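Each remark here refers to the structure printed beneath this line.
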Amino acid sequence: MDDFTNTLNQAVMVSFSRFIQDHWQERPYGLAIITGQMCNYLGFAVATEEGLARTAHKYADLGYRYRAWEWENYDLEEKLRIWLRWANPDDGWYYEDFNTPSDLQPFLDGLCDQEHCDELLESMCVDALRVLVRGAQWRELVSPFGTIIGVTAGEDPDDFLRTSTMINEYSIVKQLWGEYRQVRELDPRIQAQQPAAGDADKPRA
């Protein structure tokens, strides 16, 4: 387990540092470690404030609207940004591979034949990242952004909330739950103006 922790955390630090350098004009607020099916993949996705703004603008163009109270003054795209902030990573996040995926592959190979390997891999990632976020290097790297880290297979937004709650420190978890609460409050009041037949709704948050 110590070998996996060290390998994953080194991969996260190096790869996320590279992302910040490559996207120096953007502010990453979320980092998701992405697990594949049957332990066949391990990568990451990054959510940025600028990417969120672009996604909210796209949803506004698609006809999504906010059902406001008569007395309410609001900015549509601001409401959409709140609503979309913790949607699944395939909605506006950057998907990336680790710099050295071959370093992680032996661990995946060792898990793939085990029963419930996906749950085991998630648990291993959570334990490793819990060590990462308490280190001085991580704190220094994310201090300008307040980036929240979690683990997800990308199918259920609550996976990120659940794992982030186990990984991050109390103040960050409290902030995250507040933001998820805002999403759920907005959920029944955001709707497509004229949804096309067969269109899927936004992933539930």
| note | Diffing segment 153-161: the Karplus 3J(HN,Hα) column from phi (6.51, -1.76, 1.60, θ = phi - 60°), in whole Hz with x for Gly and Pro, holds 8, x, 10, 9, x, 5, 4, 5, 4
| note | A student applying the Cα gyration tensor rule (rounded when a/c is under 1.5; otherwise prolate if a/b is larger than b/c, oblate if not) would label segment 1-111 prolate
| request: Select from GLU70, GLU155, GLU115 the residue whose mean-square fluctuation is largest in a Gaussian network model of the chain (Cα-Cα springs shorter than 10 Å). | output: GLU70
| Given H placed on each backbone N at 1.01 Å, which residues far from THR48 in sequence or on other chains put an amide H within less than 5 Å of it? | TYR29, TYR94
| Cβ-defined net charge surrounding ALA45, 12 Å radius [Lys, Arg +1; Asp, Glu -1] | -4
| said: For segment 51-110, take every pair of Cα atoms, bin their distances at 5 Å starting from 0, and report each bin as a whole percent. | reply: 4, 16, 19, 14, 11, 9, 8, 7, 6, 4, 3, 1
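Looking at segment 2-192 only, what percent of DSSP beta bridges run antiparallel? Nearest 5 please.
Within segment 2-192, antiparallel bridges account for around 70 percent of the total.
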| note | Between ALA192 and residues 5 or more places away or on another chain, the pairs with built amide H atoms under 5 Å apart involve ARG65
| remark: Rounded to whole angstrom, the alpha-carbon centroid of segment 103-124 lies from that of segment 140-160 at a distance of 20
| task | Would you kindly derive the ³J(HN,Hα) couplings of segment 96-112 from the backbone phi angles with the Karplus curve 6.51 cos²θ - 1.76 cosθ + 1.60 (θ = phi - 60°), listing them in order in whole Hz, with x for Gly and Pro? | result | 9, 9, 5, 4, 10, x, 5, 5, 8, 4, x, 5, 5, 4, x, 9, 4
| request: Output ³J(HN,Hα) for segment 67-77: one whole-Hz value per residue in order, computed from phi by the Karplus curve 6.51 cos²θ - 1.76 cosθ + 1.60 with θ = phi - 60°, and x for Gly and Pro. | output: 7, 8, 6, 4, 8, 8, 9, 8, 10, 4, 5
| said: Can you tell me the length gained on complete extension of the stretch GLU185 to ASP113, counting 0.36 nm per residue apart and subtracting the Cα distance? | reply: 21.8 nm
| said: Can you tally the net charge around ALA68? Count Lys and Arg as +1, Asp and Glu as -1, for every other residue whose Cβ sits under 14 Å from the Cβ of ALA68. | reply: -2
| request: Summarise the long-distance tail of P(r) for the chain by giving the % of C-alpha pairs beyond 30 Å. | output: 25
| message | Mean-square fluctuation check for the chain, GNM, Cα pairs under 10 Å: which of ALA60, ALA136, ALA32 is largest? | response | ALA136
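Laboratory data are not the source of any read-out in this text; all were calculated from the coordinates shown. Worth saying up front: this structure is predicted, and the values here are computed from it rather than measured. All Cβ positions, glycine included, derive from the backbone under ideal geometry; neighbour counts span all protein chains shown.
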